[in-house]
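Shown next, in structure tokens, is the structure this report addresses.
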Amino acid sequence: MRILAGVGLLLMLLLGFGYLVGEGVFGITQTAGTISRASRDHSEIKARQQRVSTAWEAVGAPGEKQILFGDLHVHTTFSFDAFSISLPMNQGEGSHPPADACDFARFCSGLDFWSINDHAESLTPQQWEETRNSVRQCNEVAGNPANPDMVTFLGWEWTQIGQTPADHYGHKNVILRDIAEDSVPTRPIASRKQLFPGDENPYGIVMRLGLIAAGVGGKGRQPYHDFARFLRNRASTPQCEKGPGVRELPEDCSEGAATPGQLFEKLDEWNYPYLVIPHGNTWGFYTPPLTSWDKQLREHADPDSHEFLIEVFSGHGNTEQYRSWRALKEDEDGGLSCPEPSSGYIPECWQAGEIIRTRCLASGQSAVECERRADEARNHHVTLGGSIGYLTVPGSELEDWLDAGQCDDCYMPAYNYRPGGSVQYALALRDFDGKTPKRFRFGMIASSDVHTARPGTGYKEIHRRLMTDAALGLLGPPAILRVAEPAADSIPPEEVTDFGPYFERFASFFGAGGLVAVHSEGRSREAIWQALTRKEVYGTSGDRILLSFDLVEDGADGDGEEGRAENPIRWPMGSDVARMEAPHFEVRALGAFEQKPGCPADSLAGLSPERLQHLCRGECYHPGERRKRIDRIEVIRIRPQIAPDEPVDELIDDPWQVHACPADSGGCRVSFSDSEFAAERRDTVYYVRAIEEASPTLNGGGLRCAQDEFGSCIAINPCRADERTAYEDDCLESVEERAWSSPIFVDYRSPLPGD
């Protein structure tokens, strides 16, 4: 009896200890960190800006505005996924709180502005308070608010994921203009209370304990205890009551908005200036197949005021380009099936069938039987769907899937591309349900979406494991839990016992990220904000390319320069213009400076050698004298729908025109007109891409397909997140970095009496 009693007591103690571990009792709550108080050398900033202005004026650009570069999509380890990849089991470096992001933006990437955008679903009231304070401190150390070395904006990410297109809206960043305590919302607004593991239900403790047990190894337990504390702190935050206005709710609750419309209503109720910027709408990791912008436009009360900027590129890939193919086929009754491959695209469900067919034939079965199994495998994949359909193919390896689901002819595309979420598709849409048709008039930006508190990582193509989010590819279930062996039959969806998206597969699609550029009348917060709100902005794939795109009003006669007025009226990118006659446009572009190794003097003076190495890895934005060459200017023309059933495929001309640039690095200047505009008498959208000469880029080759003589992918060499790709391998492939202008929206104006 004594032995049984002792065993029982020991078991109770172990269970009690496990409960305490799961509750995060042994963890330390992460803080926002300490920001460097050092000043940047304003004379160096001024000298850099003067170099830009001098080169810009040399290609005939007006000199009254500055071009400033920033990053409006930055996560710290106040975000769940960022904290996850900071753990030793994911080869993480440890905590990267808001203070790291401030120091990195100032001294590593040398940005002019940035914003913090941790997931609202992860933030506790304490973290939101610390975030606000850290943003204010970052602005304080930047000097005179009228001419600071950097502007820091406060914000968060509204992170919504639906299981079907009907309930999916995607991710949106909220950026606030002001930072004073009485000028910002008391709470960030989440899509729902909880997005990630750690709920207060009985399984929450088990989940947290399991995460700790899975990760504890020879590198110590404390980071995992801290992670458990992080999860428990979030799970302990009560949900705000429904009904009261936003100002009447308590400070210590988690506020939610299930739809974008509810988010806009709550932000409008606060009545503080804000931007809502959608992103990642083609990223198939969390976007259901057949998702499109149609639903969001239909539900939008006022797109022009609530959502007028969009992220066209980030470290998670390109979301610009439209394609007519889809991952699934929908019949008239709403049933789903697997479409056949089309030019440049193999549906993932189709490849599921090909994997099973190959195994079936290898096992000696007849061609008829193997075709039946292939068809069954496609149906199983379609039924399970989304990002987990691959689980119906037992024991499949990444290489088995080749490049299925990917946009083969897109520039650095997002993983498992969803064309209905592309920027081009959104710009071609109209909603005709109301009295007045609605449409999106998005300005284009790019940012990083980095999860290591490193704003503006694209300044140098180095350290893939640190400067990109490749570590997210390690977040899948441990290999020991994936017990399915390869078989010649697919698994019916109801019998699938494995779990989790194919994290490992999308590690090949992470780049260093992009930048947003503004044509600003100064360096102040207000000047940058005004440039953003008038959409005089553009995005780059990371290089600091200079770009302007104007509609020129006076003196335009065809494509020539003769007869042009000395001081023509210029409508910059982002403008809305109504006219009857052919519009005439001018484009100027200048390549980014090539980088020198190491760091400039103000970075070396601003951070200690140890912190410079920890954050920047000894490499900073350090421009040299030579610029990369702009190879060409591509013009894209989109004519928004004039009827609900008008096919979008026929409305997007990409590229509509291509203009070659000089064979030197002195910049590029082109002009063009649309002689068809007046005859077609319909609204038209124009924007441009400035394409740089090819240069080595992190993960520039994606899955790195080997192709046969017909251009089909026959083998892949993925850039992995685990040890199968060397930690030092940056997976560099030469691609053409680029800049995307915001569009100019030219509406056709019918003749008036007297015209």
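Brief remarks on what is shown
- When residues in region 126-166 are screened for being under 20 Å from the mean Cα position of the chain (by Cα) and surrounded by 21 or more Cβ atoms within 10 Å (Cβ to Cβ), 9 of them pass.
- Extreme residue, surrounded by the most Cβ atoms within 10 Å (Cβ to Cβ), among residues of region 653-688 that are over 23 Å from GLY624 (Cα atoms) and touching a Leu at 6+ places or on another chain (Cβ under 9 Å): VAL688
- Residue that is farthest from GLY702 (Cα to Cα) [pool: residues in region 417-433 that are assigned to a loop (DSSP other than H, G, I, E, B) and either among the aromatic types (Phe, Trp, Tyr) or modelled with pLDDT under 95 (or both)]: ASP433
- Candidate set: region 356-370, residues that are in contact (Cβ under 8 Å) with a residue 60 or more places away in the chain and more than 19 Å from LEU402 (Cβ to Cβ); chosen: the one farthest from the chain's Cα centre (by Cα): GLN365
- Each residue in region 434-479 was checked for being in a helix (DSSP H, G or I) and touching a strand residue (DSSP E or B) at 6+ places or on another chain (Cβ under 8 Å), and 5 pass.
- Residue selection: ASP81 fails the criterion of being over 18 Å from ALA38 (Cβ atoms), modelled with pLDDT of 90 or more and crowded, with 23+ Cβ neighbours inside 10 Å.
- Tally of residues being within 14 Å of GLY591 (Cα to Cα) and either touching a Gly at 6+ places or on another chain (Cβ under 8 Å) or surrounded by fewer than 16 Cβ atoms within 10 Å (Cβ to Cβ) (or both) across region 41-53: 2
- Residue in region 617-629 that is under 18 Å from ASP683 (Cα atoms) and at pLDDT 95 or above present: no
- The set of residues in region 630-689 that are at pLDDT 95 or above, among the small types (Gly, Ala, Ser) and either closer than 22 Å to PHE593 by Cβ or in contact with a Gly (Cβ under 7 Å, 6 or more places away or on another chain) (or both) contains only SER673.
- One residue stands out in region 258-278 among those that are in a helix (DSSP H, G or I) and within 23 Å of the chain's Cα centre (by Cα): the one that is surrounded by the fewest Cβ atoms within 10 Å (Cβ to Cβ), namely GLN262.
- Flag if ALA61 is farther than 25 Å from ILE545 by Cβ and either in contact (Cβ under 8 Å) with a residue 12 or more places away in the chain or in contact with a Ser or Thr (Cβ under 8 Å, 6 or more places away or on another chain) (or both): no
- Considering each residue of region 375-386 in turn, none proves to be touching a Lys or Arg at 6+ places or on another chain (Cβ under 7 Å) and more than 19 Å from ARG505 (Cβ to Cβ).
- Scanning region 506-554 for residues that are free of Cβ contacts under 8 Å to residues at least 60 places away in the same chain and either assigned to a loop (DSSP other than H, G, I, E, B) or aromatic (Phe, Trp, Tyr) (or both) turns up ARG534, GLU553, ASP554.
- Filtering region 369-412 to residues that are closer than 19 Å to SER342 by Cα and among the basic types (Lys, Arg) leaves only ARG378.
- Selection from region 371-402 of residues that are out of contact with any strand residue (DSSP E or B) (no Cβ under 9 Å at 6 or more places or on another chain), in contact (Cβ under 8 Å) with a residue 24 or more places away in the chain and over 23 Å from GLY162 (Cβ atoms): ARG373, GLU376, ALA377, VAL393, PRO394, GLY395, SER396, ASP400
- Scanning region 593-644 for residues that are surrounded by 13 or more Cβ atoms within 10 Å (Cβ to Cβ) and of a type in the set (Ser, Thr, Tyr) yields a total of 2.
- Condition check for ALA678: farther than 29 Å from ASP403 by Cα and not in a loop (DSSP other than H, G, I, E, B): yes
- Residue within region 439-454 that is in contact with a Pro (Cβ under 6 Å, 6 or more places away or on another chain) and surrounded by fewer than 24 Cβ atoms within 10 Å (Cβ to Cβ) present: yes
- Number of positions in region 315-355 that are free of Cβ contacts under 8 Å to residues at least 12 places away in the same chain and either over 19 Å from ARG378 (Cβ atoms) or in a loop (DSSP other than H, G, I, E, B) (or both): 8
For every residue, the table says whether it meets (1) touching a residue at least 12 places away in the same chain (Cβ under 8 Å); (2) within 30 Å of GLY473 (Cβ to Cβ).
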{"site": "PHE677", "(1), (2)": "yes, no"}
{"site": "ASP708", "(1), (2)": "no, yes"}
{"site": "CYS713", "(1), (2)": "yes, yes"}
{"site": "ARG720", "(1), (2)": "yes, yes"}
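- Applying the criterion of being assigned to a loop (DSSP other than H, G, I, E, B) and at pLDDT below 85 to the residues of region 486-503, the residue that is farthest from ARG724 (Cα to Cα) is THR497.
- Residue within region 326-342 that is at pLDDT 95 or above and of a type in the set (Ser, Thr, Tyr) present: yes
The values are calculated or read from the model by the stated rules, or taken from the named source; none is laboratory data. From a predicted model like this one, the values you see are computed outputs, not experimental measurements. Quick reminder, even Gly has a Cβ in these numbers, built from the backbone with ideal geometry, and neighbours come from all protein chains shown.
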